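Novice: The structure follows.
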Amino acid sequence: MITKVEFYKLLENKPLILDGATGSNLQKAGMPRGCCTEKWILEHPDTLIALQRQYVESGSQVIYAPTFQAQPIALQKVGLENDTEKINEQLVRLSRSVDSNVLVAGNLTTLAAFTDSYDENCFDSLVENYRRQIKGLLAGGADLLAAETLMYPTEAEAILTAAELEGADTVLYTFTMQPDGSLFSGRDAAPILGELEDAGAAAVGFNCVAADTMLPGLVSRLRRYVKGPLVCKPNAGNPVIGSDNLPHYPMLPAEFAAIQKSCCEIGASVLGGCCGTDPEFIRAMCHIF
């Protein structure tokens, strides 16, 4: 795993470029909706490798291992909770095989869909849940960790605690939030990001927020609270539900890249894409920088 000093060095001259969406692109390649993504990928590794290779060729310097919901609480739904460490290790090694020159981030996320509440009584179980996942991510050789689509400060604190206990130094934290910078719980995200940074986060920011003309304003507001690297990993605009009842993102790569350029000029320095993006969005972004 790289140190925070090594991570900051990557940002000295230009923004660090992450990858884009994984799940939606795997569905386009044949992954059924509603399946256990991690299990499907291990059964169809070539599909994941092909997608991540395209991201690297497009300019991504960091690719996210497909471990989004590979925690025991989530894997329990498909009877795989006892294989948590093994699954995370295998998926990181799979992403590692894509290109030896690219960094691989072990991916963690919210457990809001699997946990009824985030009171103090469940904090220890959250920490243990994330510790088991992080053990596997580190065993697989993750260069850093990326906790994304977080919804509550408690789960970020649990990941921070779990990472410290497992010796993971470099962790990125991104919340999904409203365009005005509020979390879906109603709390203001900006001071929470500042507190996470003070507690040792390597970088903080947001993902799964629509890329539109309001996005630079969000970056500007968060920048007042965040002293270090700010992560900007938005969706390809606002989705439109099609006749197939699936979300479709009409934004074109060039428009997305222009918005990201504005965000970078205001202070975002770790850039990528979330829902609706693909390697062409990363290519367009890299062309600008």
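The values are calculated or read from the model by the stated rules, or taken from the named source; none is laboratory data. Fair warning: this is a prediction, and the values are worked out from it, not measured in the lab. When we count neighbours, we look across all protein chains shown, and the Cβ atoms used for this are built from the backbone with ideal geometry, even at glycine.
Novice: Within the range 175-193, how many residues turn out to be crowded, with 18+ Cβ neighbours inside 10 Å and not aliphatic (A, V, I, L, M)?
Specialist: Selection size over the range 175-193: 3.
Novice: Yes or no: residue 281 surrounded by 19 or more Cβ atoms within 10 Å (Cβ to Cβ), out of contact with any strand residue (DSSP E or B) (no Cβ under 9 Å at 6 or more places or on another chain) and of a type in the set (Phe, Trp, Tyr)? Break it down stepwise before answering.
Specialist: Details: surrounded by 19 or more Cβ atoms within 10 Å (Cβ to Cβ): yes; out of contact with any strand residue (DSSP E or B) (no Cβ under 9 Å at 6 or more places or on another chain): yes; of a type in the set (Phe, Trp, Tyr): yes.
Here the answer is yes, as residue 281 does meet what is asked.
Novice: Sticking with this structure for a sec: Give 150, 138, 165, 160 a once-over and let me know the one that is hydrophobic (A, V, I, L, M, F, W, C), modelled with pLDDT of 95 or more and crowded, with 24+ Cβ neighbours inside 10 Å. First the steps, then the outcome.
Specialist: Working: 138 fails: crowded, with 24+ Cβ neighbours inside 10 Å; 165 fails: crowded, with 24+ Cβ neighbours inside 10 Å; 160 fails: crowded, with 24+ Cβ neighbours inside 10 Å.
Sole residue among the options that is hydrophobic (A, V, I, L, M, F, W, C), modelled with pLDDT of 95 or more and crowded, with 24+ Cβ neighbours inside 10 Å: 150.
Novice: Filter the range 140-152 for residues that are under 16 Å from the mean Cα position of the chain (by Cα) and either over 17 Å from residue 111 (Cβ atoms) or not polar (S, T, N, Q) (or both) and give the result.
Specialist: Quick first cut of the range 140-152, residues under 16 Å from the mean Cα position of the chain (by Cα) only: 142-152.
Selection gives 142, 143, 144, 145, 146, 147, 148, 150, 151, 152.
Novice: Next up: Has the range 99-113 got at least one residue that is acidic (Asp, Glu) and free of Cβ contacts under 8 Å to residues at least 40 places away in the same chain?
Specialist: Taking the range 99-113 first, the residues acidic (Asp, Glu) are 99.
Now restrict to residues that are free of Cβ contacts under 8 Å to residues at least 40 places away in the same chain: none.
Checked the range 99-113: no residue is acidic (Asp, Glu) and free of Cβ contacts under 8 Å to residues at least 40 places away in the same chain.
Novice: Further question on the same structure: Restricting the first residue to the range 264-289 and requiring it to be within 11 Å of residue 60 (Cα to Cα), which pairs with a second residue that is buried (at least 24 other Cβ atoms within 10 Å of the Cβ) and among the hydroxyl-bearing types (Ser, Thr, Tyr) meet a Cβ separation below 7 Å and a spacing of at least six or different chains?
Specialist: So the pair list comes out as 279/55; 282/55; 282/60.
Novice: Go through the range 227-249 and count every residue that is in contact with a Gly (Cβ under 6 Å, 6 or more places away or on another chain), free of Cβ contacts under 8 Å to residues at least 40 places away in the same chain and either assigned to a loop (DSSP other than H, G, I, E, B) or among the acidic types (Asp, Glu) (or both).
Specialist: 1
Novice: Mind checking which helices (runs of 4 or more DSSP H) fall wholly inside the range 37-107 and carry at least 2 residues that are in contact with a strand residue (DSSP E or B) (Cβ under 7 Å, 6 or more places away or on another chain)? Quick ask: steps written out before the conclusion?
Specialist: Details: elements: 37-43, 45-58, 72-75, 84-96.
Output list reads 45-58, 84-96.
Novice: Does at least one position in the range 176-187 carry a residue that is more than 15 Å from the chain's Cα centre (by Cα), within 19 Å of residue 3 (Cα to Cα) and in contact (Cβ under 8 Å) with a residue 24 or more places away in the chain? Walk me through how you get there before you give the answer.
Specialist: The initial filter retains those residues of the range 176-187 that are more than 15 Å from the chain's Cα centre (by Cα), namely 178-187.
Pick out the ones that are also within 19 Å of residue 3 (Cα to Cα) and you get none.
No.
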